[in-house]
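The structure appears below as structure tokens.
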């Protein structure tokens, strides 16, 4: 069986750890205060705004707007 859970978390970068992010606002299933790697975020979350989309897929503008493409 598969179930889809809808919830939103907010993250911020951790000081002195460029690849780690702190969940500042969590949900019932994802507690706030956790420190996670970007790979975990990419594997388990979908971006909800442009800032998050840029974080998860930083090369998308270059891919979508190639010169002469």
For residue 46, indicate whether it is within 14 Å of the chain's Cα centre (by Cα) and in a loop (DSSP other than H, G, I, E, B). yes
Within region 1-10, how many residues are touching a strand residue (DSSP E or B) at 6+ places or on another chain (Cβ under 6 Å) and either within 14 Å of residue 55 (Cα to Cα) or surrounded by fewer than 10 Cβ atoms within 10 Å (Cβ to Cβ) (or both)? 1
Could you tell me which residue of region 11-43 is farthest from the chain's Cα centre (by Cα), considering only residues that are in contact (Cβ under 8 Å) with a residue 24 or more places away in the chain and either surrounded by fewer than 13 Cβ atoms within 10 Å (Cβ to Cβ) or assigned to a helix (DSSP H, G or I) (or both)? 29
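We did not get these values from a lab; they are worked out from the coordinates using the rules stated. The structure presented is a predicted model; accordingly, all values stated were derived computationally and were not measured. For neighbour counting, all protein chains shown are included, and Cβ atoms are generated from backbone atoms with ideal geometry for every residue, glycine included.
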